[in-house]
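Right, one structure below, let's go through it.
Rule-based calculations on the coordinates, nothing more; no lab input. Fair warning: this is a prediction, and the values are worked out from it, not measured in the lab. Every residue, glycine among them, receives a Cβ derived from its backbone with ideal geometry; neighbour counts consider all protein chains shown.
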Amino acid sequence: MNGPVAFIVLGYPRSSETFIAQEILGLEKRGLDIRIYTLYGPRDREVQTIHEEIRAPVMALPERLSNEPKRVFRAFISQLAKPKFFKALRVCLQEFIIAPKFENFRRFGQALVLANELPKEVGHLHAHFLHTPATVTRLTAYLTGRPWSCSAHATDIWTLNDREKSAKLCDLDWLVACTSVGSQHLRELTPDPAKVSLVYHGIDLKKFPRPPDNHQFRDGSDPGDPVRMLSVGRAVEKKGIDILLEALAHLPGDIHWRWTHIGAGKRLVALQKRARALGLDDAITWLGERRQEDVIDQCRTSDLFILPSRIAENGDRDGLPNVLLEAQSQGLACLSTFVSAIPELIEDGVTGRLVRPGDAAALTEAMTGLIHDPALRQRLGKAGQNRVAAEFGCERGLAKLAQCFGLGKSGTTAV
């Protein structure tokens with residue numbers, strides 16, 4: 001692959017998307033010259049340490065075309081004179097017919113700006129997420145004649161119209177999906193399934209070293225030393241935090257517990273209000289956004305990690321949440337659900353516990369059993385830790401990605 005690669009992302013930096021930052025940093029270390037282009041401005045108040053390590057320059061496209069009319073108009077006039085303009089416009093109209101959203105025309109405007117401002121030396125385009133970033137990337141590819149590829153994740157795979165996914169799969173050179181269930185779904189939508197590869201994100205095990213062996217045997221019987229439970233995730237429907245609150249409210253009265261939540265999101269205020277209504281407020285700590293180092297510290301002082309993922313009404317769902325890998329890397333027993341790719345990591349009763357999604361009663365029952373049995377938690381935590389260390393380090397996935405981008409074994413770009 002010749003020249004730098006433009007990475008098109010929704011926003012950057014994002015605390016909930018450290019898996020993208022991990023990929024960018026890993027590829028940079030292998031010699032890939034990356035330029036980051038964002039569709040939205042920064043949203044997060046907390047910047048993770050990994051973002052500070054990345055050298056790639058970041059350029060923001062106009063989030064709203066009306067905010068930068070001169071920039072958009074300049075790009076429009078420049079691209080209008082080129083023969084590929086109307087081909088790209090036709091593709092934009094085709095996407096609009098498949099999924100009628102006027103948002104598509106904003107993406108066309110962003111693609112015009114990107115095509116107009118891309119340095120000549122950039123030879124390849126890569127989208128993170130098959131929905132909006134891939135739309136802009138695809139249109140830019142038509143405008144400039146550059147090849148493109150994509151990393152697909154979760155919400156993009158499960159909320160996009162199948163016809164739109166098929167059209168994009170037809171046009172791109174290659175795609176990687178981070179779960180087996182996701183990659184299999186996408187292979188079924190293209191006549192060339194070889195374009196789609198499975199590449200787990202994994203985690204950087206150097207950043208998540210094994211903790212000191214100071215396992216706590218809390219069983220919820222001591223009001224002075226309650227069992228400590230932890231959840232990390234955005235306050236959105238698919239994370240199932242509302243189901244967890246109902247489950248916590250039905251724990252036996254003789255169990256003494258504390259639950260900590262890390263994460264922000266549009267439902268956070270509503271969840272806090274619901275917790276108060278259930279009489280749980282005194283036992284809950286809402287920490288909001290935190291750095292990765294804080295998540296590790298919380299994992300090391302907790303007894304049980306809970307992520308009650310479910311499928312949202314619009315079809316959105318988790319893929320393989322990195323927070324489960326991070327928690328298991330610290331030997332923390334995990335309780336989650338049979339959703340999407342979570343069973344690709346957690347084998348129920350062997351490396352953690354899984355229950356039916358959306359079932360508060362089943363969640364209460366599983367929590368109760370794990371709280372009362374510290375030895376079981378320790379066994380599950382150790383098994384999960386060993387599996388993550390053996391199969392979910394990020395280096396394996398990064399090596400596959402490096403090959404996709406044409407990086408030689410020496411870390412240099414193949415010509």
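For the stretch 124-233, the relative contact order comes to 18 percent (Cα pairs under 8 Å, sequence separation of at least 6). Putting +1 on Lys and Arg Cβ atoms and -1 on Asp and Glu Cβ atoms, find which of ALA399, LEU268, GLY31 reaches farthest to the positive end of the dipole of the chain. Looking along the dipole axis, the top candidate is GLY31. If only the Cβ of Lys and Arg carry +1 and only the Cβ of Asp and Glu carry -1, the dipole of the chain around its Cα centre is close to 1640 debye.
By other beta-carbon atoms within 10 Å, ranking HIS256, HIS201 with the fewest at the front produces HIS256, HIS201. Per-residue ellipticity at 222 nm computed for the chain from its helices equals -12500 deg cm²/dmol, with DSSP H segments shorter than 4 residues left out and the rest contributing -39,500 (n - 2.57).
The distance linking the stretch 224-272 with the stretch 1-74 is 32 Å (Cα centroid to Cα centroid, whole angstrom). Only beta bridges with both residues in the stretch 227-391 are counted; by DSSP, about 0 percent of them are antiparallel.
Over all pairs of different C-alpha atoms in the stretch 1-87, the reciprocal of the mean inverse distance, the Kirkwood hydrodynamic radius, equals 14.8 Å. In terms of the mean number of neighbouring beta-carbon atoms within 10 Å, the peptides 131-138, 215-222 order highest first as 131-138, 215-222. Stokes-Einstein diffusion for the chain at 20 °C, viscosity 1.002 mPa s, with a Kirkwood radius from C-alpha pairs, works out to 95 µm²/s. Dipole magnitude for the stretch 227-391: about 220 debye, using +1 per Lys or Arg Cβ and -1 per Asp or Glu Cβ, origin at the Cα centre. Calculated on the alpha-carbon coordinates, the convex hull of the stretch 164-239 measures out at 187 cubic angstrom per residue. Build a GNM of the chain with springs between Cα atoms under 10 Å apart, and of ALA383, ALA283, ALA127 the one that fluctuates most is ALA283.
Going from the fewest other Cβ atoms within 10 Å to the most, the residues GLU395, GLU164 appear in the order GLU395, GLU164. For the stretch 227-391, the ratio of Cα radius of gyration to the globular rule of thumb 2.2 N^0.38 Å stands at 0.94.
Across the stretch 227-391, Cα pairs under 8 Å and at least six residues apart give a relative contact order of 25 percent.
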